[in-house]
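K.L.:
The following block contains the structure, expressed as structure tokens.
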Amino acid sequence: MHLLLEYTLADDYLPRRAALREEHLALARAAHDRGELLLAGALPDPYDRAVLVWTASREVVERFVGADPYVREGLVTSWSVRPWNVVIG
């Protein structure tokens, strides 16, 4: 079972992310190292969304969101978690 965490990004996401990027990436790398987070990244052209693919429980994903500086500081304007029914892979 996989979960997709989708972030909707603020219009000024790119210029504001530099100050928070290292903290955000450290949080994501730690989740990846624990085997909870498989893939993560922003969708460009335009940079308006990001997608993170999880193998962890919804509670783990929500804890990540609660600790994420991008969410805390308003670079993420909304987010959702949905199950992903993977058929191949």
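K.L.:
Could you figure out which of (1) loosely packed, with under 11 Cβ neighbours inside 10 Å; (2) assigned to a strand (DSSP E or B) isn't true of Val51?
P.N.:
With (1) loosely packed, with under 11 Cβ neighbours inside 10 Å; (2) assigned to a strand (DSSP E or B) applied to Val51, the lone miss is (1).
K.L.:
Next question, about the same structure. Find the residue count for the range 69-89, including only residues that are in a strand (DSSP E or B) and in contact with a His (Cβ under 7 Å, 6 or more places away or on another chain). Before you say what the answer is, go through the steps one by one.
P.N.:
Of all residues in the range 69-89, those in a strand (DSSP E or B) come to 76-84.
Restricting the remaining residues to those that are in contact with a His (Cβ under 7 Å, 6 or more places away or on another chain) gives 84.
Total meeting the criteria: 1.
K.L.:
So, of the residues in the range 28-48 that are in contact (Cβ under 8 Å) with a residue 12 or more places away in the chain and within 17 Å of Trp79 (Cα to Cα), which turns out to be surrounded by the most Cβ atoms within 10 Å (Cβ to Cβ)?
P.N.:
Ranking the candidates gives Leu37 first.
K.L.:
Within the range 1-13, is there a residue that is under 22 Å from Val87 (Cβ atoms), at pLDDT below 95 and not in a strand (DSSP E or B)?
P.N.:
As a first pass, look at the range 1-13 and keep what is under 22 Å from Val87 (Cβ atoms): 1-6.
Right, trim to at pLDDT below 95 and you get 1.
This time we only want the ones that are not in a strand (DSSP E or B), so: 1.
Yes, there is a match, as at least one residue in the range 1-13 is under 22 Å from Val87 (Cβ atoms), at pLDDT below 95 and not in a strand (DSSP E or B).
K.L.:
A further question follows. For the range 54-84, how many residues are touching a residue at least 60 places away in the same chain (Cβ under 8 Å) and exposed (fewer than 14 other Cβ atoms within 10 Å of the Cβ)?
P.N.:
Residues that pass the stated criteria total 7.
The values are calculated or read from the model by the stated rules, or taken from the named source; none is laboratory data. Note that the coordinates shown come from a computational prediction; the quantities given were computed from them, not determined experimentally. Heads up, the Cβs are rebuilt from the backbone with ideal geometry, glycines too, and the neighbour counts pull from every protein chain shown.
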